[in-house]
Structures are given as structure tokens and as C-alpha cells.
Amino acid sequence: GGLGGGLPGGLGGLPLSHSRAVFISMLPPNISYEELCSAVGEYGPLESVKIIPDKRHGFVNFVDPADALQLMASTGQQVPLRGKPTLLQWGKARPVPNDLLQAIRTGATRSIYVCNVPEGASEAALTAVFSPYGELESVRMVPKKRAAFANYTCVASAIQARERLHGRARPAPFAEAAAAEAA
């Protein structure tokens, strides 16, 4: 089980306000995390996103169950992706751990802002630095500001990356780009 089919019945007898999870079926082939997040993220902050490519479905967990309800109620349980409807159903989410919830309340998101990016650094180098901490939705370079954004598929991964990398020496891919920049 774990899935409830529509607004009236809810999820396993629980009121809908208790579910922050949405199951999405009929995803287009090769859908990206960025496309999925763009389609549903406007309804509220996402705690996590998961795509199962071979089954063409995914899961999104909102931070706030009210945001999941807003998505379901305002879209008629369908979201268009690449011009075709995808079906939304209620999913079963685990509660957000208290430490993660506290971090989110104090500003943690799925995105990390990276400053002092060496001029020669590439998107691939940034991906190499941040991918060990979790699955990335996207990486965005802002060369004119020597900055970048690493966008994870879940808040916990972004927190872990920040804790491990903040204030540390430049990771190898950045150090190589910085050395090339200085030469």
C-alpha cells in the first residue's frame, strides 16, 4: 500500500492534512529533476524529490503538508510535463526528523550558494565536488559573480554538503582551476 487515490478518501484513513507526500505517475521519459521541481515546487518548499526512471514515476515530499494539499486541490491531481498530463496521488511520507525540521525552520533548503568559485571552474568540477553528498537536481554557474548554486534533491544532502565543505580548503577540482587561474 502506501498510496491513497483521491481527495475524498485520504491516505489510509488519515486526514489529508497529515500527508506531505505526492506520488507522480506517467512521467515523461528522461524527465529531469529540474523539470519536475519546476512543475511542483511553486506550491511550496520541497523536502525531497525522487525519480524512478525505469518505472516513469516519482515522489515529492513537501516540507508542509498544506503545500501538498494545495498542489493536489489546485491542479485537479494532474500536472503537465512536456505538454502531457502526469497523474498525482497521495503518497505516504515519513515524518520530517526534528533536527531536519529545525534546520529548515532556520533557513536550510535544497540549494547551496557557493562563492569564490575559481574562474576556470566548470560545471563538471562543481558537480564532482558536490555529488558525493547526495543526488543533485542541478548545478548553476554564475561566472560574472564567481559563484554557483548546487541544488540537491533533498534538504538533508544540502545540509551534509554544507557541513562538510563550509570553511574547508578548496576541494581538488576547484584547487586545480584556481592554480590554472593563477598561472
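The values are calculated or read from the model by the stated rules, or taken from the named source; none is laboratory data. Values in this document were obtained by computation on a predicted structure and should not be read as measured data. Methodologically, a virtual Cβ is constructed for each residue, glycine included, from the backbone with ideal geometry; neighbour enumeration extends over all protein chains shown. Protein only, heavy atoms only, side chains kept; ligands, DNA and RNA dropped before computing areas. Shrake-Rupley method; radii C 1.70, N 1.55, O 1.52, S 1.80 Å.
Restricting attention to the range 72-118, the residues that are among the charged types (D, E, K, R) and either in a loop (DSSP other than H, G, I, E, B) or at positive phi (or both) total 4.
Residue-wise test of (1) in contact with a His (Cβ under 6 Å, 6 or more places away or on another chain); (2) within 21 Å of SER157 (Cα to Cα); (3) among the charged types (D, E, K, R).
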residue	(1), (2), (3)
CYS37	no, yes, no
VAL40	no, yes, no
LYS55	no, no, yes
PHE59	no, yes, no
LEU69	no, no, no
GLY76	no, no, no
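ASN151 fulfils the conditions (1) open to solvent by 60 Å² or more (accessible area, probe 1.4 Å); (2) in contact with a Ser or Thr (Cβ under 9 Å, 6 or more places away or on another chain); (3) not basic (Lys, Arg) except for a single criterion, (1).
In the set (1) of a type outside the set (Ser, Thr, Tyr); (2) open to solvent by less than 30 Å² (accessible area, probe 1.4 Å); (3) modelled with pLDDT of 95 or more; (4) more than 13 Å from the chain's Cα centre (by Cα), the condition left unmet by ILE52 is number (2).
Every residue, every condition in (1) assigned to a helix (DSSP H, G or I); (2) not small (Gly, Ala, Ser), yes or no:
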position	(1), (2)
ALA121	no, no
SER138	no, no
MET141	no, yes
PHE149	no, yes
ALA161	yes, no
ARG164	yes, yes
ARG168	no, yes
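Residues that are surrounded by fewer than 20 Cβ atoms within 10 Å (Cβ to Cβ) and of a type in the set (Phe, Trp, Tyr) within the range 59-80 comprise just one, PHE59.
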